[in-house]
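The values are calculated or read from the model by the stated rules, or taken from the named source; none is laboratory data. The shown structure was predicted, so the numbers you read here are calculated from the model rather than taken from an experiment. Cβ sites come from the backbone with ideal geometry, for glycine too, and all protein chains shown count toward neighbours.
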Amino acid sequence: MGLSDWEINFLYVTDSIIHRFNRRYLKHDHPTDVIAFEMKEKGVLGDVIVSIDTARRQAKEEGHGLFTELQILSIHGLLHILGYRDKREKDRDAMWRETDRLLNLAEKN
């Protein structure tokens, strides 16, 4: 089964809503920028939940637009669903390289 055979859901929510997901499913009592839930069942690969509020703050801090930050966070969540991890520095570096590659690919299209 190829990637094109799977559905991936992207949800763009407020800090308040992502905080609830973070607390309920990950036991972290604070909002975060992105959460990814891998499912791989019934044709659904997973869900990516992105906080627009946090994305707006991070975009300002990074000096780019909200749309760019939403793309970065969406790609980050997608990569988690595809098996990328970012706990170790080596893994985090690989994840950022792939994020940059996909972001550049998206900008060309």
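Here is a yes/no grid of residues against (1) in a helix (DSSP H, G or I); (2) closer than 16 Å to A36 by Cβ; (3) of a type outside the set (A, V, I, L, M, F, W, C):
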position: F67; (1), (2), (3): yes, no, no
position: L70; (1), (2), (3): yes, yes, no
position: H76; (1), (2), (3): yes, yes, yes
position: G83; (1), (2), (3): no, yes, yes
position: R92; (1), (2), (3): yes, yes, yes
position: M95; (1), (2), (3): yes, yes, no
position: E98; (1), (2), (3): yes, yes, yes
position: L103; (1), (2), (3): yes, no, no
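Looking only at residues of region 30-81 that are basic (K, R) and either surrounded by 20 or more Cβ atoms within 10 Å (Cβ to Cβ) or at pLDDT below 95 (or both), we find that the one that is nearest to the chain's Cα centre (by Cα) is K40. Under the condition of being part of a strand (DSSP E or B), without any contact (Cβ under 8 Å) to a residue 40 or more places away in the chain and of a type outside the set (V, I, T), the residues counted in region 4-36 number 3. Contact annotation: no residue pair with Cβ atoms under 8 Å, 6 or more positions apart or on different chains, pairs a residue in region 42-57 that is within 19 Å of Y25 (Cβ to Cβ) with a partner that is aromatic (F, W, Y) and crowded, with 20+ Cβ neighbours inside 10 Å.
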